[in-house]
Amino acid sequence: MTNGKDTVCSICHGEIGPDVYGRIMCYGCGPYELLPHERRDLRPPQSVRPAAMKALVYRGAGTYGLEERPRPELKGPGDAIVRILCTSISSTDLHILKGDAPEVAPGRILGHEAVGVIEQVAGGVTGFRRGDHVLVSSITSCGRCAACRRGMTSNCEEGGWALGRHIDGTHAEYVRVPFADYGLHKVPAGVDEDALALLSDVFPTGHECGVLSGAVKPGDVVCVVGAGPVGLAALMTAQLYSPAQVIVVEPDDFRLETARRLGATAGVGAGATAARVLELTNGRGIDVAIEAVGLPETFELCEDVVAPGGHIANVGVHGRPATLRLQKLWSRNVTITTRLVDAVTIPLLLETVRTGRLDPRKLVTHTFRFEQLEVAYRTFANAAANKALKVLIKNG
Ligand code: ZN
């Protein structure tokens, strides 16, 4: 406890500071007005070495492995510690492994998709308690900054895409989630909990960056370029808005067949050209072209097929410049959007899953145990050979 002069907690010797309500609290024990009895169960074990856990650690470009790490501890007033029940691997994790994300330091625990159970909450967390089953958002948002107040949480001044990038992520047995009131969502009763890990990132990305940015509406002709997991999530969520046609462009036979199974009205395989896509629209063009690959040629294909008044919604992660064909587009009233997922539609997507309108499990091709995490990475990294879309990794 504190008498107002102490600078460390007399119970755990941890840091003392104001919580979000201005109350003095210990970041380990919680607000003092609730101590010592009521919140004793939330106190982390002190004066003992933190318990260990297994985690998938990025060791530098091209190298990674499972390591023993200390379990995360509460650091701030809005933190929660979540025990991971199920996680998945994203293509951006593979980009990091290749060394394409220099901001990620060696030693970082990767991963930003997960479902888990809350082990511990700090005193500032009001919406969750120990034992709650939760979906972890890929986006960390403080809820207070200008970007968060606009719903553009991907650009939160204190968060954004932080998990598995700037802070340790979900490819571990436990993860610390900052601003837990905004970064966690309760798992509705009666849903397939494991598959909800796909609502951390892949489904909100396809839905927000593709379908919503592209403003898909009833009767539209939509073209999804790229049938990887995010492209397929865009295909599935586009159908919530009743487009007349959804054409999918994808060179891989397995993925194109999967797209057809998931509702694509037409598919264009290897060697796709703008002419072939336009043929499927009787030359009218595409109302919403969703780029879900991240290469110059696939973005330029979208430019070549978009109809007057149409949208090009970029979803892909681009590493090289693409040619902007303004000489063709300047007079065609075309809207081009870019976006990083804000994960603000997770509640909407959870509800569509709960009511059976959306089934994320349709993208799951492989399931592994946690100790097979390295195998899961290898499988996902060779997705075409393994016919892999999303892989689930279950802990326990
Ligand atoms: Zn913010």
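The values are calculated or read from the model by the stated rules, or taken from the named source; none is laboratory data. As the structure is a computational prediction, the values presented were derived from the model and not from experiment. Here the Cβ is made from the backbone with ideal geometry for all residues, glycine too, and neighbour counts use every protein chain on show.
Annotations
- Being assigned by TED's automatic domain parsing to the domain that holds residue 212, part of a loop (DSSP other than H, G, I, E, B), surrounded by fewer than 23 Cβ atoms within 10 Å (Cβ to Cβ) and free of Cβ contacts under 8 Å to residues at least 60 places away in the same chain is a property that holds for residue 320.
- Among the residues of segment 326-339, some residue qualifies, meaning at least one is within 18 Å of the chain's Cα centre (by Cα) and either at pLDDT 95 or above or buried (at least 20 other Cβ atoms within 10 Å of the Cβ) (or both).
- Exactly one residue out of 269, 263 is of a type in the set (Gly, Ala, Ser), surrounded by fewer than 24 Cβ atoms within 10 Å (Cβ to Cβ) and in contact with a Pro (Cβ under 9 Å, 6 or more places away or on another chain): that is 269.
- Scanning segment 161-193 for residues that are among the β-branched types (Val, Ile, Thr) and within 16 Å of the ligand (Cβ to nearest atom) yields 167, 177.
- Among the residues of segment 240-260, the ones that are under 25 Å from residue 309 (Cβ atoms) and crowded, with 19+ Cβ neighbours inside 10 Å come to 5 in all.
- Pick from segment 127-141, criterion of a type in the set (A, V, I, L, M, F, W, C) and under 13 Å from residue 343 (Cα atoms), ranking: farthest from the ligand (Cβ to nearest atom): 135
- Scanning segment 142-160 for residues being in a helix (DSSP H, G or I) and either modelled with pLDDT under 95 or near the ligand (Cβ under 6 Å from one of its atoms) (or both) gives a total of 2.
- Filtering segment 87-130 to residues that are surrounded by 17 or more Cβ atoms within 10 Å (Cβ to Cβ) and farther than 21 Å from residue 391 by Cβ leaves 118, 119, 120, 121, 122, 123, 124, 125, 128.
- Test: residue 276 is at pLDDT 95 or above, among the charged types (D, E, K, R), surrounded by fewer than 17 Cβ atoms within 10 Å (Cβ to Cβ) and over 28 Å from the mean Cα position of the chain (by Cα): yes
- Meets criteria (in contact with a Ser or Thr (Cβ under 9 Å, 6 or more places away or on another chain), in the same structural domain as residue 214 (by TED's automatic domain parsing), assigned to a helix (DSSP H, G or I) and polar (S, T, N, Q)) for residue 237: yes
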